[in-house]
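Working notes, structure below.
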Amino acid sequence: MARDSQAALVALNRFGFGARGGAAGDFVNAASDPRGFVKADLSRPNGVLLEIPGLASTPALAKAVFQYQFEIQQMRAAASKSGAGGATESPAEARPPQRRNLSLGNIANDISPKESPKESAMQPAQDNAAAPTETMQPDAPRPAPQPANIIQKTFRAEALARMQRAIMADCGFAERLVVFWSNHFCISAGKGGLARMWAGSFEREAIRPHVLGRFADMLRAVEQHPAMLFFLDNQQSLGPDSRAGINRNRGLNENLAREVLELHTLGVNGGYGQDDVTALARIITGWTYAGRQGQLGTPGSFVFNANAHQPGAHRVMGKVYDQNGVAQGEAVLADLARHPATAKFIAAKFARHFVADDPPPALVARLADVFARTDGDLKALAIALVDSDEAWKAPLTKIRSPYEFLMATGRLLGRIPEDPGRYLGGLNVLGQPLWSPAGPNGFPDSNAAWAAPEGIKLRLDISAQIASRLADGIDPRDLLELAAADAASPETRRTVERAETRQQALALLLMSPEFQRR
């Protein structure tokens, strides 16, 4: 039983978000068939998709922002004609959201199952661009929603749907795969209003449908998604010899091309050079999204603008790609997806995320071989990881990221969030604001990043605040059985049992190696 329990801990923590509290029986189910428990998460039809009523498509979300920008232009024009000046507020897209001070107490309150919906509604949102607290009476006339509020409500609705799925999932392996690929192909909601509005739809449309599909399909969906084009400024990139480039006296923007090669496919040591970056940048000129008037397509959708495309054939990684419109860039992406350097880069990053900061070389080589042999079949890659002995024998040394920590806490405490604000606030406090990495390389995936003393102190503070709210209504010893059973070390068990108070016991449980490590 001890070996099965240890394997159950690996199944739940390394591949999922940890055991759920209550009567879910996750630990018992995982112990009976650890590998089968994890693989079952991949066999549910459409289980990775997130189709929630009220979550709109990228073009539909763009419509609200585009319309606002148009109305602002009209107001300014009217003000100019009347001599009233132009004191109209600039579009939300042009100014980053303000940050608010965060309260650890509010984070604990949101995770608490004692919180009622009414109490939640009375609290101001604590995410990284929260809307002002409402002071109006319920029946008072309400002004038309401003774009900043629309953007914020959209962001919060997308965040809530993602978190609820993570906390309710049986194992969570599929959701962990979504988080991995979303961070690999990251955008940042901090880029501006459009990026914040599109952060959730980008993940739903470009990542989730392909998590158990082919890497080449995900790569194309990502690079042609308006959110990625906006994030890396490709809508500003014009072929120097294109009609638009000549008329506007503007040229290339290499941001997207560089990240496609360096971060999305080959890797920094993948054998490409500056000439390849420039050539790819020229090939994908004209990759943009339609504006409000929809002259090239549905507003907010991917379109190919031939007038902005650099004409001619171009050489990337030793291969010449003839001029044939959007298909020219798609052919490059298809070849990059199948390049041996891409297989090695993805395999190493995949093993590093799930197994160890320095993953076993034999495991990386086997995963790279599976990736290459199956033409980038990501479900086959995930199954190969679960089937590998290395993934089960490696000690649980990687510390959970802030997102994994907060989702694991919500699962163990049986808290399905009704409002994402305090979880978003907790991610901000811990240095991993949702969908908002500091750069295109995403959030770090190493112990050095998340196990720093200041970060551990913040986790302890949050754990203590949660415990102060919850411990009177639960027995931490029962939670330890649900989370780790007899895989818990004697030291952890003694620490929880000998704590002076239930509050202290719960905080220590949340900070234990069995809970923090995966």
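Helix 326-337 against the longest principal axis of the chain: what's the angle in degrees, Cα atoms only, rounded to the nearest 10?
30
Based on alpha-carbon positions alone, could you give the equivalent ellipsoid semi-axes of the stretch 220-286 from the gyration tensor, as √(5λ), descending, whole Å?
Working: eigenvalues 91, 42, 12 Å².
Working from the Cα gyration tensor, I get semi-axes of 21, 15, 8 Å.
Quick one: grab the alpha carbon gyration tensor of the stretch 344-463, order the square roots of its eigenvalues as a ≥ b ≥ c, and give me rounded if a/c is under 1.5, else prolate or oblate depending on whether a/b is larger than b/c.
Working: a/c = 2.00, a/b = 1.91, b/c = 1.05.
Since a/c reaches 1.5 and a/b is larger than b/c, the shape of the stretch 344-463 is classed as prolate.
Given a Förster distance of 25 Å, report the FRET efficiency between N307 and K153 from their Cβ-Cβ distance, rounded to the nearest 0.05. Please report the intermediate quantities before stating the final value.
Working: r = 36 Å, r/R0 = 1.45.
According to the calculation, E is roughly 0.10.
Specify the angular offset, from 0 to 90 degrees and rounded to the nearest 10, of the alpha carbon long axis of helix 58-82 from the longest principal axis of the alpha carbons in the chain.
Taking the Cα atoms of the chain, the angle to 58-82 is about 50 degrees.
Quote the Stokes-Einstein diffusion coefficient, in whole µm² s⁻¹, for the chain, based on the Kirkwood radius over alpha carbon pairs, a temperature of 20 °C and a viscosity of 1.002 mPa s.
Values: Rh = 24.5 Å.
Calculated translational D: 87 µm²/s.
Would you mind calculating the gained length between A23 and D241 on full extension (0.36 nm times residue separation, minus the Cα-Cα distance), in nm to one decimal?
Values: separation 218, 0.36 × 218 = 78.48 nm, distance 6.55 nm.
Length gained between A23 and D241: 71.9 nm.
Would you work out if the stretch 383-518 is rounded, prolate or oblate? Take a ≥ b ≥ c from the square roots of the eigenvalues of the alpha-carbon gyration tensor; rounded if a/c is under 1.5, else prolate when a/b is larger than b/c, oblate otherwise.
On the way: a/c = 1.75, a/b = 1.16, b/c = 1.51.
Judged from the Cα gyration tensor, the stretch 383-518 comes out oblate (a/c at least 1.5, b/c at or above a/b).
Counting only other residues whose beta carbon sits under 11 Å from that of D33, what net charge do I get with K and R as +1, D and E as -1? Could the numbers behind the result be given before it?
Values: positive: R35, K39; negative: D4.
It works out to a net charge of +1.
Identify all lysines with a Cα-Cα distance to K393 below 20 Å; exclude those on the same chain that are fewer than 8 residues away in sequence.
Candidates past the 8-residue exclusion: K39, K349.
Using only Cα atoms, tell me the angle between helix 340-354 and the longest principal axis of the chain; keep it within 0 to 90° and round to the nearest 10.
The angle comes out near 40 degrees.
What does the convex hull of the Cα atoms of the stretch 230-372 come to per residue, in Å³, rounded to a whole number?
On the way: hull volume 17.6 nm³, N = 143.
In the stretch 230-372, the Cα hull volume divided by residue count equals 123 Å³.
Please list the three semi-axes, largest first and in whole Å, of the ellipsoid equivalent to the stretch 374-426, using sqrt of 5 times the eigenvalues of its alpha carbon gyration tensor. Kindly include the intermediate steps, with their values, before the conclusion.
Details: eigenvalues 185, 51, 21 Å².
Output for the stretch 374-426: semi-axes of 30, 16, 10 Å.
No lab work stands behind these numbers, since they all come straight from the coordinates. It should be emphasised that the depicted structure is a prediction, and the values quoted were computed from it without experimental measurement. For neighbour counting, all protein chains shown are included, and Cβ atoms are generated from backbone atoms with ideal geometry for every residue, glycine included.
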